[in-house]
Amino acid sequence: MKPVISELARSILESIEPYIPGKPISEVAREFGVTDIIKLASNENPAGPSPKAIAAVQAALAEVHLYPDGAAYTLRQKLSARFDYPADGILIGNGSVEIMELVCEAFLEPGLEAITGPQAFFKYRIACQIMGVQPVMIPMPNYNYDVDAIIKAITPKTRLVFIANPNNPTGTYLPKAQVDRLIGALPPRALLVLDEAYFEFADKPDYPNGLDYVRQGKRVVATRTFSKAYGLAGLRCGYAFAAPEIVAAMHKVREVFNCNSLAQVAGEAALDDVEFLQATLKNNRIGLGDLKSGLTKLGLKTVPSAANFILTDFGRPIGPIFTELLKRGVIVRPMGPYDLPSCARISVGFKEHHQKLFQALSQIL
């Protein structure tokens with residue numbers, strides 16, 4: 001029998017496939033009765049959170065009975081000084097994912113269009129659908145965006161184009177020349193939403209900086225997060241750079257206290273923890289090589305990555321392999337929802353995490 005709630009909800013919800021996050025460690029422990037579990041599924045920082053952020057959160061705990069600063073004034077000022085961009089052009093979000101939703105709420109309505117791809121971050125399409133817009137899905141050959149095809153698909157109704165750079169879940173990136181072309185092809189009322197959640201990890205010489213486009217007055221919203229490189233995924237704190245008038249529009253649809261006080265102080269402190277960030281980036285450079293080498297030795301195909309994970313093609317349905325890994329205390333991320341039924345996304349961990357993964361895979365394969 002169909003649940004009563006479905007008769008009350010908006011009809012658009014019938015067509016929305018919910019986002020399914022990576023399995024938490026506690027769920028795997030309950031389901032399979034295993035211990036000593038490693039999670040290489042959600043691109044979290046294996047080193048944990050920034051120590052300076054931990055100290056800042058501990059100091060702020062005594063004031064959690066107070067509402068947070070809804071404007072996140074201090075954090076925005078800190079970001080403004082760090083990146084040399086006016087604070088009124090900076091938006092703080094409950095993770096950068098919320099900012100994607102705010103962009104859609106501010107700039108989309110039925111009859112307009114948004115563009116994304118089947119191997120782009122799943123939340124883009126959901127955020128569009130919630131606003132009554134079925135996104136235009138452009139195929140992504142070679143695991144990356146097809147700029148020519150995107151430009152060809154742009155119409156006067158196009159309001160948003162979503163690009164993750166580096167892309168999640170493939171790890172590929174668009175070089176500056178390609179992003180330049182895309183921005184140049186945007187119609188006057190369209191925005192490029194440049195998701196830079198993995199910005200810190202991208203060390204390629206032709207990798208573009210989204211903030212540079214914003215400074216140049218381009219129609220770009222560049223989003224970043226403290227979840228990945230700074231290890232603050234559990235606190236949910238992201239930010240975006242855009243023209244002040246674009247940020248003002250998003251403020252109108254933003255929940256008043258969308259970023260909690262602990263997340264704000266943690267973000268401020270993390271920006272000062274340069275040593276932690278450098279150690280994270282060093283481990284990631286080493287870890288990407290270690291992960292790719294071990295997976296290749298197992299006969300698996302990997303996609304070159306500019307992020308902190310590697311997309312791996314197992315050449316067979318990933319479901320049974322995923323389950324067998326869970327039984328051995330290893331969590332990866334199957335990519336079926338991204339039309340990649342033989343692939344898994346595997347996050348960079350420490351060497352001992354990779355060895356546990358390789359050992360498990362050698363038994364399974």
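The values are calculated or read from the model by the stated rules, or taken from the named source; none is laboratory data. Note that the structure is predicted; figures quoted are calculated from it, not measured. All Cβ positions, even for glycine, are placed from backbone atoms using ideal geometry, and neighbour counts span all protein chains on display.
With the condition kept exactly as written, say whether any residue in the range 284-303 is outside any helix (DSSP H, G or I) and either crowded, with 23+ Cβ neighbours inside 10 Å or under 19 Å from the mean Cα position of the chain (by Cα) (or both). Yes, the range 284-303 contains at least one residue that is outside any helix (DSSP H, G or I) and either crowded, with 23+ Cβ neighbours inside 10 Å or under 19 Å from the mean Cα position of the chain (by Cα) (or both).
Conditions (1) hydrophobic (A, V, I, L, M, F, W, C); (2) assigned to a loop (DSSP other than H, G, I, E, B), marked per residue:
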position	(1), (2)
GLU268	no, no
LEU277	yes, no
ALA307	yes, yes
ILE321	yes, no
GLU324	no, no
GLY349	no, yes
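Looking across the range 176-196, the residues that are over 24 Å from TYR239 (Cβ atoms) and either touching a residue at least 40 places away in the same chain (Cβ under 8 Å) or in a loop (DSSP other than H, G, I, E, B) (or both) come down to PRO187, PRO188, ARG189.
Among the candidates VAL179, VAL161, the residue that is buried (at least 22 other Cβ atoms within 10 Å of the Cβ) and over 29 Å from PRO18 (Cα atoms) is uniquely VAL179. Within the range 314-329, is even one residue under 26 Å from ALA279 (Cα atoms), surrounded by 15 or more Cβ atoms within 10 Å (Cβ to Cβ) and either β-branched (Val, Ile, Thr) or at pLDDT below 95 (or both)? Checked against the condition, which is being under 26 Å from ALA279 (Cα atoms), surrounded by 15 or more Cβ atoms within 10 Å (Cβ to Cβ) and either β-branched (Val, Ile, Thr) or at pLDDT below 95 (or both), the range 314-329 yields no hits at all. Filtering ARG82, ARG76 for residues that are in the same structural domain as VAL214 (by TED's automatic domain parsing), within 21 Å of the chain's Cα centre (by Cα), in a helix (DSSP H, G or I) and of a type in the set (D, E, K, R) leaves a single hit, ARG76.
Give the range 55-68 a look and list any residue that's in contact (Cβ under 8 Å) with a residue 40 or more places away in the chain and either surrounded by 19 or more Cβ atoms within 10 Å (Cβ to Cβ) or within 30 Å of GLN278 (Cα to Cα) (or both), or say none.
Passing the criteria: ALA55, ALA56, VAL57, ALA59, ALA60, LEU61, PRO68.
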